[in-house]
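Q: One structure is given below, represented as structure tokens, and several questions about it will come after.
The values are calculated or read from the model by the stated rules, or taken from the named source; none is laboratory data. In this text, all values refer to a predicted model and were calculated from it rather than measured experimentally. Note that we place each Cβ from the backbone using ideal geometry, even for glycine, and neighbour counts take in every protein chain shown. For the accessible areas, the whole protein counts, side chains as well, though only heavy atoms, and no ligand, DNA or RNA atoms are used. Shrake-Rupley method; radii C 1.70, N 1.55, O 1.52, S 1.80 Å.
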Amino acid sequence: GGFGTSGFSASVGWTLWFTQNLGNAPSSWSWDFGDTGTTNTQTPQHVYTKAGVYAVTFTIPSADGASQCPKSHTITVTGPSGEFSPQYLGDSSPFAPSNVTPNKNVLFTALEPPSLVDTYLWDFGDGTPHGSDPTATHAFNPGSWTVKLTVTKGSASASTTLALTVPPPLEPPKRFVA
């Protein structure tokens, strides 16, 4: 038994219909879409909400009813990831998320261009207003912060987070006068 073909591509948010191509349809079957989605419907539809490569498995009982006959194919789903990169604004010094310079502007750049994304939403984790452009600049006070970028394309969305640690500024050495 079997279904479809491997190597199929789709976009996040598309409704996909799955069919099996068995001459004598079995009385039971199951589908596993590779993203925690499953069903026992004969010709199901499924929507992938995140980009990735998924193994879609169609399973029927064998003629003896004791064993299973699984058939798998891959599907590549393309769409937004929400990934971004940070760097200090106007400064080539290395950026280390575990040791961010306090009150120094950090430039965050989404890795997906506007042609692949409908909306951008930045959250800096400190209650300041969010940005909605492919780039955002922000300076952080000492503390621990989580930066989050959420992107959407059609009905699909994806988010990526980055934990930052901003230590307190070093105090200058005290001078003692004798």
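Q: Would you check if there is a residue in the range 83-105 being surrounded by 13 or more Cβ atoms within 10 Å (Cβ to Cβ) and farther than 30 Å from L170 by Cα?
A: yes
Let's see how each residue does on (1) assigned to a loop (DSSP other than H, G, I, E, B); (2) touching a Pro at 6+ places or on another chain (Cβ under 7 Å); (3) open to solvent by less than 40 Å² (accessible area, probe 1.4 Å):
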| site | (1), (2), (3) |
| --- | --- |
| L121 | no, no, no |
| G127 | yes, no, no |
| S132 | yes, no, no |
| N141 | yes, yes, no |
| V147 | no, no, yes |
| T150 | no, no, yes |
| T160 | no, no, yes |
| A163 | no, yes, no |
| P172 | yes, no, no |
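Q: Confirm whether T49 is part of a loop (DSSP other than H, G, I, E, B) and either in contact with a strand residue (DSSP E or B) (Cβ under 7 Å, 6 or more places away or on another chain) or surrounded by 14 or more Cβ atoms within 10 Å (Cβ to Cβ) (or both).
A: Answer is yes for this residue.
Q: Restricting attention to the range 37-56, which residues are within 15 Å of T74 (Cα to Cα) and modelled with pLDDT of 90 or more?
A: G37, H46, V53, Y54, A55, V56
Q: Quick one: how many residues across the range 52-82 are in a loop (DSSP other than H, G, I, E, B) and within 18 Å of S155 (Cα to Cα)?
A: 4
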